[in-house]
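Chemist: First the structure, then my questions, so here it is.
Quick note: the coordinates plus some simple rules give every number you see, no bench work behind them. Note that the coordinates shown come from a computational prediction; the quantities given were computed from them, not determined experimentally. Neighbour counts run over all protein chains shown; Cβ positions are idealised from the backbone, glycine included.
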Amino acid sequence: MQKESIHFIGHCSMAMKTNRGKAVALWIFAAAVAGVSFLFDEPLLAFMKAHTTPAVLAFGRFGSHYGQWNWLMVPCIIVGLISWCRRDTICLRILCIMITASILAGLGANVVRAATGRTRPNAPAAIEQGWYGPRANGQWIVIKADYNAFPSAHAAASMGLIFPLLLLRKRIGLLLLPVSILIGAARICVGAHHLSDVMFGFLLGIAVAIWTTGKMVPLLFPDSELKRV
C-alpha cells in the first residue's frame, strides 16, 4: 500500500513540473473567475439580507467557529496519532505538507488583508464600506477586525489544508473539498466576508498548497525512495 502511495506521489510531483502550460491557463481562468466575483458582491449581500433566517445564521456561526485553524487541526492530530500508531509514514508526511500549506496560507491571508484594509459587510454602520489600506483617519487599522475582510483567512487556511490532499490523494481530497467550500459559505452567511473575499481566499490557499506541495514532496519523498518502487 505504501509503495503504491509513493509511486502516485512521485507521479504527481513530476506532473506538476511538466504541465506548466496547462497550469498557466488554469491560473488565468481561476484569476478571472475570482475577479468576476467582485461583480456579485453587492447582489449577494442584498440577497442574504433579504433571505437570512435563524437556520442560516446558525450554520454561519457553526462553520465560522469550527472552521478556525485551531479546530481544523483537531482531525489532523487524530489522523496523525492513528497513522503514528500504525506506522503509516506516508500519511504522516502528507499531513505535514497539508498543515504547512494551511499555516502559510492563513499567514499569507493575514498579511494581505492587513495591507488592503477592506471593511467587512457586517462592520458598524458608522464605518463607510471601502478599502482603507493599513491606515485610516490617521491611525493604524491592521489589527482591527472590521477592516480585515480581504481575503478570507478561513477560506485560505481551509483550502490550503485540503488542496494538497487533492493533489496527492485525489479521492479523499475530493471528498473533503466541500468542507472548505462550506466554511467559505459560512463566513458569507454571518456577514464576515464578501463573495470576492472568499474566492480570493480560496485562490490564495490553492496557490500556497501547490507551491508547498511542489517544494515538500521532493524533500519528504526523495528520488532514491521513488526509484525503489
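Chemist: Short version: ³J(HN,Hα) in whole Hz for each residue of the range 115-127, in order, from phi by Karplus 6.51 cos²θ - 1.76 cosθ + 1.60 (θ = phi - 60°), x for Gly and Pro, what are they?
Modeler: Running phi through 6.51 cos²θ - 1.76 cosθ + 1.60 with θ = phi - 60° gives 7, 7, x, 7, 6, 7, x, 9, 5, x, 4, 5, 9 Hz.
Chemist: Mind pulling the angle between the C-alpha long axis of helix 2-18 and the longest principal axis of the chain? Nearest 10 degrees, somewhere in 0 to 90.
Modeler: Helix 2-18 and the main axis of the chain meet at about 60 degrees.
Chemist: Which value in deg cm²/dmol, rounded to the nearest 500, describes the helix-derived mean residue ellipticity at 222 nm for the chain, given -39,500 (n - 2.57) per DSSP H run of n ≥ 4 and division by the residue count?
Modeler: Calculated from helices alone, the mean residue ellipticity at 222 nm is -25000 deg cm²/dmol.
Chemist: Mean shadow of the range 109-229, computed from the convex hull of its alpha carbons, in nm²?
Modeler: Here the figure is 8.6 nm², rounded to one decimal.
Chemist: For the ranges 158-165, 118-125, 89-96, what's the packing order if you count other beta-carbon atoms within 10 Å of each residue, average per peptide, and put the highest first?
Modeler: Per-residue Cβ counts within 10 Å, averaged per peptide and sorted highest first, yield 158-165, 89-96, 118-125.
Chemist: Determine, for each peptide in 186-198, 51-63, the mean count of other beta carbons within 10 angstrom over its residues, then list the peptides with the highest first.
Modeler: In descending order of packing, they fall as 186-198, 51-63.
Chemist: Still on this structure, please answer the following. What list of ³J(HN,Hα) couplings, whole Hz, do you get for the range 132-138 from phi and the Karplus terms 6.51, -1.76, 1.60, once you set θ to phi - 60° and write x for glycine and proline?
Modeler: Each residue's phi maps through the Karplus curve to give 10, x, x, 10, 8, 6, x Hz.
Chemist: Amide H to amide H, which residues 5 or more places from residue 148 or on other chains are under 5 Å from it, using H placed in the peptide plane?
Modeler: 120
Chemist: While we're here: What angle do you read, to the nearest 10 degrees and between 0 and 90, between the alpha-carbon axis of helix 195-220 and the longest principal axis of the chain?
Modeler: That helix lies at roughly 20 degrees to the long axis.
Chemist: Mean projection of the alpha-carbon convex hull of the chain over all orientations, in nm²?
Modeler: 13.9 nm²
Chemist: So, one more: Helix 69-86 versus the longest principal axis of the chain: what angle, 0 to 90°, nearest 10, using Cα atoms?
Modeler: That helix lies at roughly 10 degrees to the long axis.
Chemist: Report, in debye and to the nearest 20, how large the dipole of the chain comes out about its Cα centre when Lys and Arg carry +1 and Asp and Glu carry -1 on their Cβ.
Modeler: It comes to approximately 620 debye.
Chemist: With unit charges on the beta carbon (Lys/Arg positive, Asp/Glu negative), name the residue among 38, 190, 81 whose Cα is farthest towards the positive pole of the charge dipole of the chain.
Modeler: 81
Chemist: Right, here's the next one. Using modelled backbone amide H atoms (1.01 Å from N, in-plane), which distant-in-sequence or interchain residues come within less than 5 Å of residue 136's amide H?
Modeler: Sorted by chain and number, the residues that satisfy this are 141.
Chemist: Using θ = phi - 60° and the Karplus form 6.51 cos²θ - 1.76 cosθ + 1.60, what ³J(HN,Hα) does each residue of the range 182-191 get, whole Hz, x for Gly and Pro?
Modeler: So the J values, rounded to whole Hz, are 5, 5, x, 5, 4, 5, 6, 4, 8, x.
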